[in-house]
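Peer 1: Got a structure for you, written out below as structure tokens; questions coming shortly.
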Amino acid sequence: MSRQLISTGSTFEHEVAYSRAVVDGEWVFVSGTTGYNYADMTIAPDVRSQCEQALKNVVAALAQAEASLSDVVRVTYILPNAGDFKSCWPVLRAYFGEIRPAATMISAGLVDSKMLIEIEVTAKRPVPRSTPGA
């Protein structure tokens, strides 16, 4: 299987020369994704809303890769203010409660001061089973 590049059309992807996600065989690597609504390039002022939108953006990227949140094996959260992370926990439980991927939270500056969280995931798609006699 060849490498597949996935884009949302975000201005960031074009300006910085990266893909929202890269599919390589069974693996899907979703770039750090923020809470921007890519349809109109707006961003909410609070971390919880940004977390929710970032996860919606991740779900959309995974869908383009024929994967879903249930395929996520690793997630990294990056927040400029580590104290904001607890506000995101209810959202994270709603999205990952049963999936429970390996996770890391890092406190670091982000490229735009309006960004309060960035989420990166790695997923492994199930291997399609061959049909007997096929």
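The values are calculated or read from the model by the stated rules, or taken from the named source; none is laboratory data. The shown structure was predicted, so the numbers you read here are calculated from the model rather than taken from an experiment. Glycine gets a Cβ as well: all are built from the backbone with ideal geometry, and neighbour counts include every protein chain shown.
Peer 1: Within the stretch 17-34, track down each residue that is farther than 21 Å from L55 by Cβ and not small (G, A, S).
Peer 2: D24, E26
Peer 1: Right, next: Starting from the stretch 18-36, take each residue that is farther than 18 Å from S70 by Cβ and list its partners that are part of a loop (DSSP other than H, G, I, E, B) and acidic (D, E), counting only C-beta distances under 8 angstrom and pairs at least six apart or across chains.
Peer 2: T34/D112
Peer 1: If I ask for residues that are among the hydrophobic types (A, V, I, L, M, F, W, C), part of a strand (DSSP E or B) and either farther than 22 Å from T11 by Cα or without any contact (Cβ under 8 Å) to a residue 60 or more places away in the chain (or both), which ones from the stretch 37-91 would you list?
Peer 2: Listed by number, the residues that qualify are V72, V73, V75, I78, L79.
Peer 1: (1) loosely packed, with under 11 Cβ neighbours inside 10 Å; (2) farther than 12 Å from A123 by Cα: which one isn't true of A102, the others all being true?
Peer 2: Failing condition for A102: (2).
Peer 1: Can you confirm whether S68 is more than 24 Å from V127 (Cα to Cα), modelled with pLDDT of 95 or more and of a type in the set (S, T, Y)?
Peer 2: no
Peer 1: If you don't mind, there's one more thing I want to ask. Count, please, the residues in the stretch 54-69 that happen to be touching a strand residue (DSSP E or B) at 6+ places or on another chain (Cβ under 9 Å) and either farther than 26 Å from L5 by Cβ or surrounded by fewer than 20 Cβ atoms within 10 Å (Cβ to Cβ) (or both).
Peer 2: Total meeting the criteria: 5.
Peer 1: Tell me whether the stretch 71-79 contains one or more residues that are at pLDDT below 95, touching a helix residue (DSSP H, G or I) at 6+ places or on another chain (Cβ under 9 Å), of a type in the set (D, E, K, R) and on the phi < 0 side of the Ramachandran plot.
Peer 2: From the stretch 71-79, those at pLDDT below 95 are none; that's our starting set.
Scanning the stretch 71-79 turns up no residue that is at pLDDT below 95, touching a helix residue (DSSP H, G or I) at 6+ places or on another chain (Cβ under 9 Å), of a type in the set (D, E, K, R) and on the phi < 0 side of the Ramachandran plot.
Peer 1: Name, by its number, the condition in (1) closer than 15 Å to V111 by Cα; (2) among the aliphatic types (A, V, I, L, M); (3) in contact with a strand residue (DSSP E or B) (Cβ under 9 Å, 6 or more places away or on another chain) that does not hold for V28.
Peer 2: Against the list (1) closer than 15 Å to V111 by Cα; (2) among the aliphatic types (A, V, I, L, M); (3) in contact with a strand residue (DSSP E or B) (Cβ under 9 Å, 6 or more places away or on another chain), V28 comes up short only on (1).
Peer 1: Follow-up question, since we're still on this one. Restricting to the stretch 1-48, count the residues that are surrounded by 15 or more Cβ atoms within 10 Å (Cβ to Cβ) and of a type in the set (G, A, S).
Peer 2: 7
Peer 1: Now for a separate question. What is the one condition in (1) at pLDDT 95 or above; (2) more than 16 Å from G109 (Cα to Cα); (3) of a type in the set (A, V, I, L, M) that A39 does not satisfy?
Peer 2: (1)
Peer 1: Let me ask something else. Kindly provide the set of residues from the stretch 70-90 that are farther than 20 Å from A102 by Cβ and crowded, with 20+ Cβ neighbours inside 10 Å, ordered by number.
Peer 2: Those that are farther than 20 Å from A102 by Cβ and crowded, with 20+ Cβ neighbours inside 10 Å: none in the stretch 70-90.
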